[in-house]
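Scroll down for the structure; my scribbles are underneath it.
The values are calculated or read from the model by the stated rules, or taken from the named source; none is laboratory data. Predicted, not measured: the structure shown is a model, and the values here were computed from it. We place every Cβ from the backbone using ideal geometry, glycine too, and count neighbours over all the protein chains shown. For the accessible areas, the whole protein counts, side chains as well, though only heavy atoms, and no ligand, DNA or RNA atoms are used. Shrake-Rupley method; radii C 1.70, N 1.55, O 1.52, S 1.80 Å.
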Amino acid sequence: MRARVWATAALTALLALTGCTGQSITGDDGDSGSGPVTVKWWMVTQNADSATAALKDVVKDFEKTNPDIKVDLQFRAVDAHKDALRTTAGSDQGPDIYYYWAGPGLGGTLVESGVSLDLSKYYQQFNWTSRFNESTLKAFSQYGGFHGVPWTQRTEVVYYRKDLFTKAGISAPPTTFAEWEQDAQKLKAAGVTPFAFGGKDNWHVMRLLDTFIETNCGAAKGDQLNTGKASWATEPCVTKSFEQLKTWSANYFNKGFAGLAQTQASPLFFSGKAAMQIEGDWFTQQVIDGGVKPSDVGVFELPTGTDRLYGFSEGQYITKASKHPEQAAKFLDYLTSAEVEGKNLGVFAAIPVNKDTKGATEQQPLNTEIGELTKSAKGFFLNNDQNFSTDVTTEYWRIQNAVTGGSIKPADAGPALQKFIDSHK
């Protein structure tokens, strides 16, 4: 399945060597021998202006001390970023460095298709094996060698408004799934929208569906389903999960969620019109930027009953087609240094990946709470858009939207997904 996807991408690359945003991605690479070498770095558009500004500052600071290297930082929306990487797969029209999620269905697909450069040489040169936390490194050594360097360790939790919980008579965050459901009912009865979701971004609602799968199927069975070792067509826990998705979306989501993007849904939380949002540690900065005092917001782990947190790793990769891997590696060494990560801790992520990073997390108590949850977790379950290949992810999203929209019955959802998986092997 993956081979077929990337064979198509390679053919597309021969026909169209431009980014999917319609903007040319060609430029001076510094190959003429005059002037600095240009390293192209592709990132996804940041949700917080402060994060965008911080990335630009990192580039400026690096260029000041490395005048022979220019970093061309380019931002794209999530889907456009994925599309642009597919379009340029295997060609020299892509970036030197690209941001990507480390899960097998995303970063792993690029590794298997030969887009990513094995960085073992640079891990030795810069002593990166000693720099990063062992648990974080696993995501970048799972394919043999070292592909990419850790950028973030993401932990996803439920952010909640303390004032709205109090209004609904809820004295403490839930610790079980049953309590969570009861709290949603109490919030609705108090005239409060329990959840803010932006269904236009499929991955936003997917987070809740992934949580239902983990809760109802358990860790072992959930992993089997999400890695193709169990059938979605025959597990009762799958039907139950889609039934809950149907019920919760109808009763506990903001009205019109299907037509809103995540960035349009979040203001409902910031303004106190919705009580909860399922987000990662990056949302702390968005809460601050949204004008909400961190002390007025709390977090709790998704109460699945498996003692696993929901989360994933993100990395910065160098392409095999890069003309400037040495310069790219030098920049990544700077980017992942304790100095740079410490300066920006909480802006990009709450959990440092560099063992030596020190930061002022006391200014962001929510991040401190998330960090403590991460330390005590017995493991992680991964977002399914990282477990699945791109085509399966697209079908997973289509089915979840059809269930919430009423065109597919919950009992038919699992069999429909399994049929698609079987036909695309």
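Mind running the shape call on segment 181-233? Use the C-alpha gyration tensor, a ≥ b ≥ c as the square roots of the eigenvalues: rounded below 1.5 for a/c, prolate if a/b tops b/c, oblate otherwise. In terms of gyration-tensor shape, oblate. Given that just one value was derived from the coordinates, which of (i) 22.5; (ii) 21.7; (iii) 24.7 is Kirkwood radius over Cα pairs in Å? Checked against the structure: label (i). Ordering of 40-49, 163-172, 207-216, 190-199 by packing is 207-216, 190-199, 40-49, 163-172, highest average first (other Cβ atoms within 10 Å, averaged per residue). Amide H to amide H distances under 5 Å link Lys70 with Val37, Thr38, Val39, where only residues 5 or more positions off or on other chains count and H is placed in the peptide plane.
Might you tell me the accessible area per residue for segment 186-281, computed with a 1.4 Å probe and given in Å²? All intermediate terms of the calculation are to be shown ahead of the outcome.
Working: 3470 Å² over 96 residues.
On a per-residue basis, 36 Å².
Overall, the anisotropy analysis places segment 72-194 in the prolate class: the square-rooted eigenvalues a ≥ b ≥ c of its C-alpha gyration tensor yield a/c not less than 1.5, with a/b exceeding b/c.
Taking amide H atoms as placed 1.01 Å from N in the peptide plane, the amide H of Tyr310 lies under 5 Å from those of Glu156, Leu302, Phe381, each 5 or more residues away in sequence or on another chain. Only Cα pairs under 8 Å and 6+ residues apart enter the sum, and on that basis the relative contact order of the chain stands at 24 percent. Per-residue ellipticity at 222 nm computed for the chain from its helices equals -14500 deg cm²/dmol, with DSSP H segments shorter than 4 residues left out and the rest contributing -39,500 (n - 2.57).
Remark: segment 283-288, residue by residue, has Karplus-estimated 3J(HN,Hα) of 6, 4, 5, 5, 4, 5 Hz, where x stands for each Gly or Pro and the curve is 6.51 cos²θ - 1.76 cosθ + 1.60 at θ = phi - 60°. Across segment 226-241, rounded Karplus estimates of 3J(HN,Hα) from the backbone phi angles (6.51 cos²θ - 1.76 cosθ + 1.60, θ = phi - 60°) give 6, 10, x, 9, 9, 8, 5, 7, 10, 9, x, 5, 5, 4, 4, 5 Hz, Gly and Pro being marked x.
Mind ordering 87-95, 407-415, 309-317 by average Cβ neighbours within 10 Å, highest first? Mind showing how you got there, number by number?
Numbers: 87-95: 20.9, 407-415: 16.7, 309-317: 23.6.
My ranking of the peptides, most packed first, is 309-317, 87-95, 407-415.
Here the peptides 274-287, 250-263 are ranked by packing, the mean other Cβ count within 10 Å, and the order with the highest first is 274-287, 250-263.
The antiparallel fraction among DSSP beta bridges confined to the chain stands at about 60%. In order along segment 67-84, phi translates into HN-Hα couplings of x, 7, 10, 10, 9, 8, 8, 10, 10, 9, 4, 3, 5, 5, 4, 4, 5, 5 Hz, rounded to whole numbers, per the Karplus curve 6.51 cos²θ - 1.76 cosθ + 1.60 with θ = phi - 60° and x for Gly and Pro. Here the label points at Ala220 and Asp61, each 7 Å from Cα along the C-beta direction, are separated by 4.8 nm in the simple model. Cα gyration tensor of segment 278-406, axes a ≥ b ≥ c as square roots of the eigenvalues: rounded (a/c below 1.5), prolate (a/b > b/c) or oblate? Since a/c reaches 1.5 but b/c is at least a/b, the shape of segment 278-406 is classed as oblate.
Taking a straight line from the alpha carbon of Lys70, these lysines sit under 21 Å away, with near neighbours fewer than eight places off in the same chain left out: Lys40, Lys56, Lys60, Lys320, Lys323, Lys330. Over the chain, what percent of the accessible surface lies on carbon and sulfur atoms, probe 1.4 Å? Of all accessible area on the chain, carbon and sulfur atoms account for 51 percent.
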